Each structure stands twice: as structure tokens, then as C-alpha cells.
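Okay, structure first, notes after.
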Amino acid sequence: MKRLFSTTLAVAALSTSILVCSSLPVISQLTQPATAQATATKAMVLKLSQSKKVADKKGFKLVPVNKAVPGDVIVYTIAANNISDKPVSKLVVNQKIRPGTSYVISSATPIKGAELTFSTDGGKTYTAQPIIAKKPAPATKYTNVRWAFTGSVAPKTQSNLSYEVQIR
């Protein structure tokens, strides 16, 4: 009998918070541990990393995040690695947009074989193009980004997913 594996990544703001003070810069570690919740297996290893996007002479470069202030753009990357010898089916990677940040529209990487959707209601519903009051949802209303793989993730393969947020 073919086994179906289901894995979900839900990364939430745990102990790190963004401090907003009128006279002080926003300082945040912005480090969140990536956690995998598997119902049938531990075949998927999920690793979350973040970088700050800064302008340079060639356009932009990514640097480690040591300090973030309003206006900074943070790039989150999730490496989803199937370490098993079997395919993983029904993989869903769900990433919460942190409070104090806004999703950068069109920044999430589309992945072949995965449906990219977004939520504006805390993850209750998802759609490819969120609409609020018959208009495209503003960046500040996005609460989650989700990749739902439509097929199986092959054994010993890795998918790299990323999206950007801007510090408010």
C-alpha cells in the first residue's frame, strides 16, 4: 500500500519581537527556528534562513541580519529537503507573515509542482490573488504565504522557497 506523507511548516514569531520606538531604531534578531510537523514521517527537513536586502552598485545584495529598521527588506528562504528514500506526498509549506512586517507583493518564488497561495485572514482561507473590497489586497493585509505541492517531492531532493517582507 502506498503511504502518503503529509508535512506542514508553520513558522511563527516565537520569542523574537520587533520593537517599535519613535526615538530608537527597530532592532530585531529576526531569527525563527523552522519546524516541521509530520503526521507519518520525519522525511522532510526544513530550514529557515533570512537575509537583509541592501542596495549596492550592481542592484542589490543579501547580507546577514544583525539589525533591522523600518523600510528594510528581509528575504526569508525555506529549504525543504526530502532526506528519505521515498517520495513525500501532500507537502504543504505555510509561512506566517510576522507582525510589524508587510509582504512584498510578487516576491514569493513560484515552484514547479506547487500551488502558491496567500491568506489575508490569518490562514483560514487561501487564494492565488487576494482581493479585499473588489480590489487587490494591499501588502499590509497579507498574513500567510503557502506552497502546496500538487505531486510528490522526490527522494533526496530539495526545494528552495523564498519570499520578502518589509519592516514597517
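Numerical summary
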| quantity | calculated |
| --- | --- |
| Among the listed pairs K53/K134; K67/K90; K52/K112; K47/K135; K53/K141; K61/K141, those beyond 29 Å (Cα-Cα) | K53/K134; K67/K90; K47/K135 |
| ³J(HN,Hα) computed for each position of segment 87-95 - Karplus, 6.51 cos²θ - 1.76 cosθ + 1.60, integer Hz, glycine/proline x | x, 10, 9, 6, 6, 10, 10, 10, 10 |
| Estimated distance in nm for a label pair at K42 and K58, the labels positioned 7 Å out from Cα along Cα-to-Cβ | 4.0 |
| 20 Å cut-off, amide nitrogen to a point 7 angstrom out along D121 Cα→Cβ, residues in segment 136-168 | 136-148 |
| Karplus-derived HN-Hα couplings along segment 47-53 (A = 6.51, B = -1.76, C = 1.60, θ = phi - 60°), whole Hz, x at Gly and Pro | 10, 9, 9, 9, 9, 9, 8 |
| In sequence order, calculated HN-Hα J values of segment 160-168 (Karplus, 6.51, -1.76, 1.60; Hz; x Gly/Pro) | 10, 10, 8, 7, 10, 10, 10, 5, 8 |
| Gain upon complete extension [A133, T150; 0.36 nm per residue less C-alpha separation] | 3.1 nm |
| Semi-axis lengths (Å, descending) of the ellipsoid that matches the C-alpha gyration tensor of segment 52-145 | 25, 22, 12 |
| Net charge of neighbours whose Cβ lies under 12 Å from the Cβ of V93, counting Lys and Arg as +1 and Asp and Glu as -1 | +3 |
| Built amide H within the under 5 Å cut-off of T143, gap 5+ | S119, T120, D121, G122 |
| Net charge of neighbours whose Cβ lies under 13 Å from the Cβ of T117, counting Lys and Arg as +1 and Asp and Glu as -1 | 0 |
| Ranking of D56, D72 by count of other Cβ atoms within 10 Å, fewest first | D56, D72 |
| Simple label model, 7 Å out from Cα along Cβ direction - Q158 to V69, nm | 3.4 |
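No value in this document is a laboratory result; all are computed from the given coordinates. Everything quoted here is computed from the prediction, not taken from an experiment. Quick reminder, even Gly has a Cβ in these numbers, built from the backbone with ideal geometry, and neighbours come from all protein chains shown.
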